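**Student:** I'd like to ask you about the structure that follows.
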């Protein structure tokens, strides 16, 4: 119940979900789909049901419903919670998943097939968002997309696509370290870093500060050192 309330509050604040109390590891669809991974408190039906019903991203909600599915045949209470998920979720895909498994009387073969389908869905969704990011970068370089829209779309696409921590960090760092990306675009990224989860933007800041010295990086590093100092003092970076 405590974790479920934390999940609910996190959604209210538009924060990501974390698998650990130190808030260093972000919960991703792959974690929910990995049956061999112990998610500790997230193994409980109630937080899984809340993610399946309320997560704003379809891949996360569908993965949570998939992990909850085998547990729903364990008793009337969990089965009732599972049914409510299908009725209240904001995602049609989750509702279809719940209905299919419920109508099959929780047939293990059906659950297995749904699991495989959802795993493929997550991969395809990530690929589509990654392709959209590359297309936007080409449009920016060709002058067909304004810098501000490019940056806004970048953060929206990486969030909607549930791109992994390492991929987000690599994408932003490559842009900030680039000699060809204009300083104005880089500073737009810095203005929006707070939209990333804390572990992501702190890692980006630390890595850029530690990069080899270069003239084109001097103003960026100066700004990032100020942002890191603000963070360490517990102050907002925006």
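**Student:** Rounded, prolate or oblate: which fits region 86-179 when a ≥ b ≥ c are the square roots of the eigenvalues of the alpha-carbon gyration tensor, with rounded for a/c under 1.5 and prolate only if a/b beats b/c? Walk me through the numbers before you get to the answer.
**Tutor:** On the way: a/c = 3.57, a/b = 2.69, b/c = 1.33.
Taking the square roots of the gyration eigenvalues as a ≥ b ≥ c, region 86-179 is prolate.
**Student:** Could I ask something else about it? Taking each pair of different alpha-carbon atoms in the chain once, compute 1/r for the pair, average those values, and report the inverse of that mean as the Kirkwood hydrodynamic radius in Å to one decimal.
**Tutor:** Computed over Cα pairs of the chain, the Kirkwood hydrodynamic radius comes out at 19.5 Å.
**Student:** Evaluate Rg over Rh across region 2-122, taking Cα atoms for both radii and Kirkwood's formula for Rh. Each step should come with its number before you reach the end.
**Tutor:** Details: Rg = 13.2 Å, Rh = 14.1 Å.
Result for region 2-122 is an Rg/Rh of 0.94.
**Student:** With n ≥ 4 as the cut-off for DSSP H runs, can you work out [θ] at 222 nm for the chain, using -39500 (n - 2.57) per run divided by the number of residues, rounded to the nearest 500? List each step's numbers first, then the result.
**Tutor:** Details: 12 runs with 160 residues, N = 238.
Per the formula, -21500 deg cm²/dmol.
**Student:** Please give the helix 218-232 orientation as an angle from the longest Cα principal axis of the chain, in degrees from 0 to 90, rounded to the nearest 10.
**Tutor:** It is inclined by approximately 50 degrees.
**Student:** Something else: Sorting check: for 60-73, 36-49, which peptide has the highest mean count of neighbouring beta carbons within 10 Å, and how do the rest follow?
**Tutor:** Working: 60-73: 24.5, 36-49: 16.5.
Going by the mean number of other Cβ atoms within 10 Å, highest first, we get 60-73, 36-49.
**Student:** First measure r as the distance between the Cβ atoms of residue 137 and residue 226, then evaluate 1/(1 + (r/R0)^6) with R0 = 30 Å and state the FRET efficiency to the nearest 0.05.
**Tutor:** Details: r = 28 Å, r/R0 = 0.92.
Once rounded, the FRET efficiency stands at 0.65.
**Student:** Between the helical axis of 2-12 and the dominant principal axis of the chain, each derived from Cα atoms, what acute angle in degrees is found, rounded to the nearest 10?
**Tutor:** With rounding to tens, the tilt is 50 degrees.
**Student:** Fewest to most neighbouring Cβ within 10 Å: what's the order for 78, 26?
**Tutor:** Ordered from fewest to most neighbouring Cβ atoms within 10 Å, 78, 26 come out as 78, 26.
**Student:** Compute the relative contact order of region 175-238 as a whole-number percentage, counting only Cα pairs closer than 8 Å that sit 6 or more residues apart in sequence. Display every interim value, and only then the final one.
**Tutor:** On the way: 30 pairs, mean separation 23.4, N = 64.
Relative contact order for region 175-238 comes out at 37 percent.
**Student:** Sorting 204, 185 on the 10 Å Cβ count, fewest up front, what's the list?
**Tutor:** 185, 204
**Student:** Next up: What percent do you get for the relative contact order of the chain when only Cα pairs under 8 Å and 6+ apart count?
**Tutor:** 14
**Student:** Separate question: Is region 70-132 best put as rounded, prolate or oblate by its Cα gyration tensor, with a ≥ b ≥ c the root eigenvalues, rounded for a/c under 1.5, and otherwise prolate when a/b is larger than b/c, oblate when not?
**Tutor:** Since a/c reaches 1.5 and a/b is larger than b/c, the shape of region 70-132 is classed as prolate.
**Student:** Gap in Å between the Cα centre of region 1-76 and the Cα centre of region 202-226?
**Tutor:** One Cα centre to the other: 35 Å.
**Student:** Oh, and also: Given the Cα atoms of region 124-238, and with Rh set as the inverse mean 1/r over their pairs in the Kirkwood sense, what is Rg to Rh to two decimals?
**Tutor:** When Rh is taken as the Kirkwood radius, the ratio is 0.95.
Just so you know, all these numbers are worked out from the coordinates, no wet-lab data involved. Because the structure is a prediction, the values reported are computed rather than measured. Virtual Cβ from ideal backbone geometry, glycine too; neighbours counted across all protein chains shown.
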